[in-house]
Amino acid sequence: MIRNNIKFLFILALGMAAFTSCKNGGKTAGTKEAEVLADDIIELRADQVKLADIQTGTIETRSLSGTLKVNGIVTVSPQNLATVCMPLGGFIKTISLMPGSSVRKGQTLALIENQDFVDIQQNYLEARNKLTFAEADYKRHSELYKEDVYSQQNLQQVTADYKNLKAQVKALEQKLALVGINPANLNEDNITRSVALVSPISGYVKTVNVNIGKYVSPSDILFEIVNSDKLFLELTLFEKDAVKVSVGQKIRFFLNNETEQHEAVIYQTARTVNAERTFTVYASVNGFCKNIIPGMYVNAVIEADGSQVTALPSAAIVSFDDKDYIFVFDRDKVENGKAFTEYRMVEVHKGVADGGYTGIILPEGLDPKTARVVVKGAYNLLSAKKNAGEMSC
């Protein structure tokens, strides 16, 4: 079939080129001087038109949604990813979770022991007791000063001691809260050497980097918790496609080796281009999608907003020398008793493509309402046009 098509194109081009060249080159016995065709005109006999199955149609106005194929990964927002450390370090006493385990906010991940926990609690209780005495002493000296019984210098000293103790207590309260001990529930009878490390968010355990008896420092990452209730896509696009995406555009994406289609919506685009001349687009995944977890690779299709544009079937548009053309019916004529049809080659500019149609920008002077465009057989005409310029009688 392919060989027959090639043979047909060659014969068609040869016949048309010979006919055109002879017309351009001189006279035929018993006829008038041959007609000279313009460079953008292609002339075919009626039998050639039929053999090439050339069909014409009208230029349409359609709503086209362009698509852009990109790659990316599934991720979560920073608010849904937690790295859990122990501010003061210590030894792991107990642990009961494994990667993949489900956890809720406030659930205990591990128990950690450290002598420093005991010292902080002791210092806090001692400072709090001193503060109680210092506060009472401050109030008493303030009253005596008002009655001119106590000197201003002595009152200033008492006030300074009271405020220093108050600041010390507040600082120790923050240290206790930092390691997970509630100062309001602490008293002399419940000092503990172990502290519960709790999950700051609900989700599942992504990584566990500890075991019983291991000493951990404040900088060690003990657990990673991920909340996958709200997933996002992090897509990479080339800078040339920046004008094709905007907030609110819909995305269809697929996981590797899966045919199930998922949906997302762009909610943010990057404002800078990196060294690889790419930028990032972020999209929120619609609804709940099973089997999707952060870090997965995805193939995505970004759908451009539909708009009414002048369009033709994509097969009606041909490319030649880095330009795009269509063929428009010019006229029918009869010469020497034979019927001929002329087609004009017109340069156009392509737009978005969707559903077998491509948007085009027409040159001035071409009326889209009356023009009859070759919608089938355009590549046959292009082949004939290219070969005609290389042949002679």
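The values are calculated or read from the model by the stated rules, or taken from the named source; none is laboratory data. Owing to the predicted nature of the structure, the values given are computational and were not obtained by experimental measurement. Reconstructed Cβ throughout: ideal geometry from the backbone, glycine too, with neighbour counts over all protein chains shown.
In region 220-244, the residue that is nearest to the chain's Cα centre (by Cα) out of those that are charged (D, E, K, R) and either in a strand (DSSP E or B) or buried (at least 20 other Cβ atoms within 10 Å of the Cβ) (or both) is Glu234. Answer with yes or no whether Glu113 is within 21 Å of Leu176 (Cα to Cα) and touching a Gly at 6+ places or on another chain (Cβ under 6 Å). Yes; evaluated as a whole, the condition is true for this residue.
I'd like to verify a number: residues in region 322-369 that are without any contact (Cβ under 8 Å) to a residue 40 or more places away in the chain, surrounded by fewer than 18 Cβ atoms within 10 Å (Cβ to Cβ), hydrophobic (A, V, I, L, M, F, W, C) and in a strand (DSSP E or B), how many? The total comes to 1. Among the residues of region 92-110, the ones that are part of a strand (DSSP E or B) and either modelled with pLDDT under 90 or surrounded by fewer than 19 Cβ atoms within 10 Å (Cβ to Cβ) (or both) come to 4 in all.
Going residue by residue through region 289-305, is there one that turns out to be over 11 Å from the mean Cα position of the chain (by Cα), touching a residue at least 24 places away in the same chain (Cβ under 8 Å) and under 30 Å from Lys385 (Cβ atoms)? Within region 289-305 (the criterion being over 11 Å from the mean Cα position of the chain (by Cα), touching a residue at least 24 places away in the same chain (Cβ under 8 Å) and under 30 Å from Lys385 (Cβ atoms)), the answer is no, since none of the residues qualifies. Pairs are defined by a Cβ separation below 6 Å, a sequence spacing of at least 6 or placement on different chains, a first member in region 269-288 that is touching a residue at least 60 places away in the same chain (Cβ under 8 Å), and a second member that is in a strand (DSSP E or B) and of a type outside the set (Ser, Thr, Tyr); the pairs so defined are Val281/Leu235; Val281/Leu237; Val281/Ile266; Val285/Ala264.
Restricting Lys206, Lys163 to those that are modelled with pLDDT of 90 or more and in contact with a Gly (Cβ under 9 Å, 6 or more places away or on another chain) reduces the list to Lys206. The single condition among (1) surrounded by 14 or more Cβ atoms within 10 Å (Cβ to Cβ); (2) assigned to a loop (DSSP other than H, G, I, E, B); (3) not hydrophobic (A, V, I, L, M, F, W, C) that Tyr379 does not satisfy is (2).
So for region 171-179 (the condition being more than 30 Å from Pro294 (Cα to Cα), acidic (Asp, Glu), over 50 Å from the mean Cα position of the chain (by Cα) and not in a strand (DSSP E or B)), does at least one residue qualify? Walk me through how you get there before you give the answer.
First pass over region 171-179, keeping only residues more than 30 Å from Pro294 (Cα to Cα): 171-177.
With acidic (Asp, Glu) added as a condition, the list becomes 173.
Filter once more, so that each one left must be over 50 Å from the mean Cα position of the chain (by Cα): none.
Taking every residue of region 171-179 in turn, none turns out to be more than 30 Å from Pro294 (Cα to Cα), acidic (Asp, Glu), over 50 Å from the mean Cα position of the chain (by Cα) and not in a strand (DSSP E or B).
Annotation: Phe253 fulfils all but one of (1) within 30 Å of Gly57 (Cβ to Cβ); (2) surrounded by 18 or more Cβ atoms within 10 Å (Cβ to Cβ); the unmet one is (1).
Of the residues making up region 105-129, those that are under 30 Å from Gln79 (Cα atoms) and of a type in the set (Gly, Ala, Ser) are Gly106, Ala110. Each residue in region 288-304 was checked for being at pLDDT 85 or above and exposed (fewer than 14 other Cβ atoms within 10 Å of the Cβ), and 2 of them qualify.
Filter region 69-91 for residues that are assigned to a strand (DSSP E or B) and either within 41 Å of the chain's Cα centre (by Cα) or within 30 Å of His262 (Cα to Cα) (or both) and give the result. Spell out how you get there, then give the answer.
Applying the first criterion (assigned to a strand (DSSP E or B)) to region 69-91 yields 69-75, 81-84, 90-91.
Within region 69-91, Lys69, Val70, Asn71, Gly72, Ile73, Val74, Thr75, Leu81, Ala82, Thr83, Val84 meet the criteria.
Return a yes/no flag: does region 251-260 have any residue that is of a type in the set (A, V, I, L, M) and closer than 26 Å to Ser101 by Cβ. Yes: one or more hits. Only residues that are polar (S, T, N, Q), surrounded by 14 or more Cβ atoms within 10 Å (Cβ to Cβ) and farther than 30 Å from Gln115 by Cα were counted across region 143-193, and they come to 1. Screening Ile201 against (1) loosely packed, with under 15 Cβ neighbours inside 10 Å; (2) part of a loop (DSSP other than H, G, I, E, B); (3) among the hydrophobic types (A, V, I, L, M, F, W, C) leaves a single unmet condition, (1). When you scan region 238-263, how many residues do you find that are over 18 Å from Val76 (Cα atoms) and in contact with a Lys or Arg (Cβ under 8 Å, 6 or more places away or on another chain)? Total satisfying the criteria: 3.
Working only within region 253-273, note down all residues that are in a loop (DSSP other than H, G, I, E, B) and of a type in the set (S, T, N, Q). Of everything in region 253-273, those that are in a loop (DSSP other than H, G, I, E, B) and of a type in the set (S, T, N, Q) turn out to be Asn256, Asn257, Thr259, Gln261, Thr272. When Val375, Val285, Val346 are screened for being of a type outside the set (Asp, Glu), at pLDDT 85 or above and in contact with a His (Cβ under 9 Å, 6 or more places away or on another chain), only Val285 passes.
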